[in-house]
Amino acid sequence: MKLILLGPPGAGKGTQAQRLQDRYGLRQLSTGDMLRAAVASGSELGLTAKGIMERGELVPDGLIVGLIEDRIGQADCASGFILDGFPRTVAQAEALDRMLGSRGWKLDKVVEMDVDEAALTARIVGRFSCGKCGTGYHDVFKKAAKAGLCDVCGGSEFTRRKDDNAETVTARMAAYRSQTAPLLPYYAARGVLAKVDGMAAMDDVYRQIESVLGKS
């Protein structure tokens with residue numbers, strides 16, 4: 001099975017992709033991870049990407065698709081894959097379709113995790129984690145049992161991501177709307193788009209995804 005999970009930053013795509021990977025053997029593929037691995041390997045594609053990034057330029061769509069093509073040909077993708085972070089634009093979606101078509105493949109499903117942006121912003125901005133063990137918390141939705149102490153390790157130092165602020169999150173949401181939202185009609189026209197309620201509880205979202213994949 002070949003899947004794409006769509007949704008703005010913080011929608012929970014990575015969490016759901018990991019669960020699908022663990023349950024069905026589908027490999028979660030992050031283009032960021034693939035780029036870093038290619039650069040580290042010293043492959044021809046990796047060296048090309050490294051030079052582009054060192055010049056501060058955007059890695060072209062064709063090179064990213066080439067990395068994906070190399071990656072999905074590896075043995076651990078035999079059961080299928082879930083793309084995380086790609087495509088972001090219609091042009092990238094078209095390039096991906098051409099590459100898959102050249103292999104005689106096609107996407108089975110594109111799952112949109114539909115969210116309320118205001119509520120999602122509140123969810124992201126309020127999160128923090130234990131600096132010692134990494135356990136996640138939230139100012140409203142998941143407070144520590146005893147204020148100032150981690151429930152798991154008892155640590156008293158907590159951290160917040162620098163980009164988990166209202167201004168940054170709002171900008172990321174706007175970028176998603178302008179760049180990635182046009183993918184929805186593109187995939188709807190191909191009959192592979194399904195929508196789930198991304199604001200539901202994590203287990204409920206997972207069950208919805210399983211349902212649209214015919215796995216429930």
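How far, in degrees from 0 to 90, does helix 90-102 lean away from the longest principal axis of the Cα atoms of the chain, to the nearest 10? Once rounded, the angle reads 50 degrees.
Candidates Leu6, Gln74, Leu45 compared by Cα position along the dipole of segment 1-140: farthest toward the positive end lies Gln74, with charges placed on Cβ.
Given the chain, report the % of alpha carbon pairs whose separation exceeds 26 Å. Beyond 26 Å sits 43 percent of the P(r) for the chain. Taking Cα atoms only, the orientation of helix 166-175 departs from the longest principal axis of the chain by about 20 degrees. Rounded to the nearest 20 debye, the dipole magnitude of the chain is 260 debye, with +1 charges on Lys and Arg beta carbons, -1 on Asp and Glu beta carbons, and the Cα centre as origin. Cysteines in the chain lacking any other cysteine Cβ under 4.7 Å from their own Cβ: Cys77. Once the cut-off is 13 Å, how many percent of the Cα-Cα pairs in segment 95-145 end up in the long-distance tail? Every Cα pair in segment 95-145 considered, those over 13 Å come to 71 percent.
Taking Cα atoms only, the orientation of helix 44-54 departs from the longest principal axis of the chain by about 50 degrees.
Could you list Val169, Val39 so that the one with the fewest beta carbons within 10 Å of its beta carbon is first and the one with the most is last? Working shown, then result.
Values: Val169 21, Val39 18.
Ascending Cβ contact count within 10 Å gives the list Val39, Val169.
Across all directions, the shadow cast by the convex hull of segment 1-80 built on its C-alpha atoms averages 5.9 square nanometres.
Diagonalising the gyration tensor over the Cα atoms of segment 153-216 and scaling each eigenvalue by 5 before taking the square root yields semi-axes of 31, 22, 7 Å, largest first.
Per-residue counts of other Cβ atoms within 10 Å, averaged by peptide: what ranking do you get for 152-159, 63-70, highest first?
The densest-packed peptide leads the list: 63-70, 152-159.
In the chain, helical runs assigned H by DSSP with n ≥ 4 each contribute -39500 (n - 2.57); averaged across all residues and rounded to the nearest 500, the mean residue ellipticity at 222 nm is -13500 deg cm²/dmol.
Of the Cα atoms belonging to segment 52-92, the radius of gyration and Dmax stand at 12.2, 37 Å.
Readers should treat all values here as calculations from the given coordinates under stated rules, not as data from a laboratory. Everything quoted here is computed from the prediction, not taken from an experiment. FYI the Cβ positions are ideal-geometry reconstructions off the backbone, even for glycines, and counts take in every protein chain you see.
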